[in-house]
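Working notes for the structure below.
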Amino acid sequence: MKHTKVYSVCGMCTVRCPMMATVSGNKVVHLQGNPHASGIKGALCARGAAGAALIADDERPQFPMIRAGERGEGKWRKASWDEALAYVAGELSRIKEAHGARSILLSDRGGPFRDMHRAFLKALGSPNYCNHDSACARNVQHAALSLFGFGRKDVAYDYKNSRHVVLQTRNIFEAINVKEVNDLLDAKDAGAKITCIDVRTTVTAAKADTFLMVRPGTDYALNLAVIHELLSRDLYDKAFAAAWIKDLDALKAFVAPYDTHFAAAETGVPASRIAALADALAAAAPAVIWHPGWMTARYGDSFNVCRSAYVINALLGSIGAKGGLPLVNKPAHVGKKGLKNLVDLFPKPGDKRVDGVGWMEGRTHFDTGPGLVNLAYEAIESGEPYPIRAYIAHRHDPLMAFPDTADLKRRWAKLELLVSVTFSWSDTAWFSDVVLPMSPYLERESMIASKSGVSPSFFVRRRALEPRFDTRADWEIYRDLARVMGIKELDFAGVEDIWAYQLQDTGLSIADFEATGMVGLGGPLYRPVDEKTFKTASGKIEMINPKLEADGVVSLAPYVSPAAPPEGALRVSFGRVGLHTQGHTVNNPLLFAQMPENVLWINVAEAAKRGIADGALVEVRNGSFAGRLKAKVTEGIHPETVFMVHGFGHTLPVESRARGRGAADNELMPGGIANWDKGGGGVCMQEHFVTVTPV
Ligand SMILES: Nc1nc2c(c(=O)[nH]1)N[C@H]1C(S)=C(S)[C@@H](COP(=O)(O)OP(=O)(O)OC[C@H]3O[C@@H](n4cnc5c(=O)[nH]c(N)nc54)[C@H](O)[C@@H]3O)O[C@H]1N2
Ligand SMILES: Nc1nc2c(c(=O)[nH]1)N[C@H]1C(S)=C(S)[C@@H](COP(=O)(O)OP(=O)(O)OC[C@H]3O[C@@H](n4cnc5c(=O)[nH]c(N)nc54)[C@H](O)[C@@H]3O)O[C@H]1N2
Ligand code: SF4
Ligand SMILES: [Mo]
């Protein structure tokens, strides 16, 4: 049978690597990374390679469903698309009529494919678009905004040309982005040094030249000491600092007490090693990257850790530098026109955001783009500043992504409509009133996406397979909803029309994507920092941010030592593993076979105190929730914490493989969504302690 090659985009995680599928007779023959994409080298990670197993899996939503029993009871009525869409459209219209368009909330998973559903929400007239990010990287985003006036994605990480990369709270070789991994390994081959700072010996620690194990939650002390070293020993880039850093003297005075001896006592890292790190970085500058972190919704001071990481980069002159954090280019930077956005078809809704972001006291410094969804949930419960009655969770599983499922369900009680748009079962889908099943990425095409970077590009996901079940592409779902609701602007005949709409200013047509799935727009271009770079009032990197201060957040925040675990308890920490994406791949037959459950990393000494042997079943408990999983007894984790991979402990009957395997870290954080960072907006998920006992 004839083999066809289709350019697609991997959808097994948020990275969305460009890929190529070889298909024959509506079956996948082979999946690989797009060989034309720079840095991908034709590769996918293990999860990407399991894409065909996702298609083959029957244990995913196969048709639209409307709830028949109580929420979460699992009683469903199979519906046709016409019926399901009419139901959702009817409810949205009814709720809009009764409570105003602003009572409709939509959250998603961020990224380059959001234009259609954002446009739909805006067309309805609601300002309440949110994403998942207060459970992920909001602290990094707000750290960047507070210093540079631009967001975290306005600089890239130029691993390939780097000479020293510091990975702090960043397990790059297991929390994978294929291009980043390839680029960093290339740099390592060319002699770049890697320093890993973690609470446990990860794969990244194993590959690093230097591994610093810190006491959990003390990274800020370490970073302040590095800043102290750079400034007090004149190791910093004086020309860059003089030109681009505002309030350097205030920074100097602030870090004066935080020397390496202070940090050693806090972190457990010897003072001499901290000093040596500062020297090594200064020697490699400006081609250095001190990673500000990604999943940083962890501690009460994670925002300060991210800020201090960026400050270190600034002091080393790596902001805007080749091999450091170069400024990313949008199409305009390389003299090209960008894609036309559907979201711009509609006027800005008149109402203020329900999460208070951008206008409420204490919240004016936050990024209004995706807001803070956790605060929108507060509004659902309180009805303040106004009620939210309908919620569309698009490609988002908040019940697993935020602490304490039962707490969140309670907070959602006043919702009159909860819709989940998803390709897999999830706790949120199971709890919804309507499930609109999205075709997995190999079975759908997507809108053209724009990728900013040193070399910006456009890329497209083509449909590799026809859907096995009665599922639809996301653009189709919202187009169809728009059609039912009479939103003419979004009533496109087909995806080709959407693509043509997007490309109208660019001089390109979809045929230009035929050869490689992408269109490069120019570059590599390393733009020097200039007076237009920093979007702050002073045009410089501001150590003291007036917006933060006005919201009652101290820019140069004193270090506060993290609480030691209460007697007999340990701090819960969590993260990723190479074989799974969050919670939604655990039931993937191929990935499940390779890693069916998570284990609890526990330090040898702490295990001995409790009589726990390696491999033994243990109970991990916080309050009324207890999970069971096997212990991994190891020297390779700090004694104050236990670690588990996030995403396990599934309970849904429709996931026969994943159900009952391992334990859910998110349940070990009772009421945890209420503890969020007033500076960075992230939920503080590692401020919880658990007891561990043998079973
Ligand atoms: N306790 C605890 N909580 C955490 C974390 C943790 O480590 N511990 N991690 C946090 C982090 S870093 C994040 S980003 C969030 C993630 O949490 P979410 O933002 O909820 O992300 P996913 O688990 O990726 O869920 C996305 C859902 O959308 C569905 N989906 C639909 N279409 C697609 C598609 O095209 N691709 C993909 N990938 N999914 C699709 C998936 O089936 C899945 O059910 O959770 C955060 N919450
Ligand atoms: N395979 C895989 N790759 C992924 C994902 C996935 O689900 N699976 N998800 C993607 C997403 S959404 C994200 S956000 C990124 C996340 O990418 P990362 O943030 O790099 O990944 P994590 O594993 O969440 O956390 C990194 C490390 O922080 C460590 N850590 C915990 N507490 C502390 C501490 O107090 N101090 C220090 N220094 N370290 C600490 C953990 O031990 C862990 O090794 O990964 C992305 N890539
Ligand atoms: S990192 Fe892996 S799972 Fe994520 S998009 Fe790339 S290949 Fe897919
Ligand atoms: Mo994330």
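Could you state the number of Å between the C-alpha centres of the range 514-575 and the range 191-266?
15 Å
Scaled to the compact-protein estimate 2.2 N^0.38 Å, what is the alpha-carbon radius of gyration of the range 527-664, rounded to two decimal places?
Numbers: Rg = 21.7 Å, N = 138, 2.2 N^0.38 = 14.3 Å.
Here the Cα radius of gyration is 1.51 times the empirical estimate.
How much length would be gained if the chain were fully extended between Glu174 and Phe63, taking 0.36 nm per residue of separation minus their Cα-Cα distance, in nm to one decimal?
36.6 nm
Would you please name the trypsin sites (Lys or Arg not before Pro) within the range 286-372 that are DSSP coil residues with at most 14 other C-beta atoms within 10 Å of their C-beta?
Those satisfying the criteria are Lys337.
Using only the Cα atoms of the chain, build the gyration tensor, take square roots of its eigenvalues as a ≥ b ≥ c, and label the shape rounded, prolate or oblate: rounded if a/c is under 1.5, else prolate if a/b is larger than b/c, else oblate. Don't skip to the answer; put the middle values down first.
On the way: a/c = 1.43, a/b = 1.23, b/c = 1.16.
Rounded, because the longest to shortest axis ratio a/c is under 1.5.
Determine, from the Cβ-Cβ distance of Ala616 and Ala406 and an R0 of 41 Å, the FRET efficiency 1/(1 + (r/R0)^6), rounded to the nearest 0.05.
0.90
Solvent-accessible area per residue for the range 570-694 at a 1.4 Å probe radius, Å²?
Values: 4270 Å² over 125 residues.
About 34 Å² of surface per residue is accessible.
Quick one: which residues, 5 or more positions from Gly33 or on another chain, have an amide H under 5 Å from its amide H? H modelled 1.01 Å from N in the peptide plane, none for Pro or chain starts.
Correct list: Met20, Ala43, Leu44.
Just flag the trypsin sites (Lys or Arg not before Pro) in the range 71-107 sitting in loop per DSSP whose Cβ has no more than 11 other Cβ atoms within 10 Å.
Passing sites in the range 71-107 are Lys75.
With a cap of 14 neighbouring Cβ atoms within 10 Å, and only residues DSSP puts in a loop, list the GluC sites (Glu not before Pro) found in the range 633-665.
Numbers: sites: Glu635, Glu640, Glu655; in loops: Glu635, Glu640, Glu655.
Those that pass, being in a loop and sparsely packed, are Glu635.
Mind checking the per residue accessible area of the range 4-56 for me, 1.4 Å probe, whole number of Å²?
Solvent-accessible surface per residue comes out at 34 Å².
Name the residues whose placed amide hydrogens come within less than 5 Å of the amide hydrogen of Phe173, ignoring near sequence neighbours (fewer than 5 apart) on the same chain.
Amide H to amide H, under 5 Å and 5 or more residues apart or across chains, Phe173 pairs with Thr204.
Beta carbons within 10 angstrom, averaged per residue: use that to sort the peptides 516-525, 5-14, highest first.
Ranked from most to least packed, the peptides come out as 5-14, 516-525.
Going 7 Å from the Cα of Tyr386 along its beta-carbon direction, which residues of the range 468-506 have the amide nitrogen within less than 17 Å of the resulting point?
none
Applying a 10 Å radius around every beta-carbon, put 395-402, 80-87, 497-504 in order of their mean neighbour count, most first. Working shown, then result.
Values: 395-402: 24.6, 80-87: 16.2, 497-504: 17.9.
Sorting 395-402, 80-87, 497-504 by mean packing, highest first, produces 395-402, 497-504, 80-87.
How many percent of the alpha carbon pairs in the range 4-56 exceed a separation of 14 Å?
Looking at the range 4-56, the distances longer than 14 Å represent 46 percent of pairs.
Restricting the count to DSSP beta bridges whose residues both fall in the chain, what percent are antiparallel, rounded to a multiple of 5? Before the final figure, lay out the partial values.
Values: 41 of 84 bridges.
Restricted to the chain, the bridges split so that about 50 percent are antiparallel.
Assuming R0 = 22 Å, can you tell me the calculated FRET efficiency for the pair Asp505 and Lys535, based on Cβ-Cβ distance, to the nearest 0.05?
0.35
The values are calculated or read from the model by the stated rules, or taken from the named source; none is laboratory data. Please read these numbers as outputs of a predicted model, since none were measured by experiment. Here the Cβ is made from the backbone with ideal geometry for all residues, glycine too, and neighbour counts use every protein chain on show. Surface areas here come from the heavy atoms of the whole protein model, side chains and all, with no ligands, DNA or RNA. Shrake-Rupley method; radii C 1.70, N 1.55, O 1.52, S 1.80 Å.
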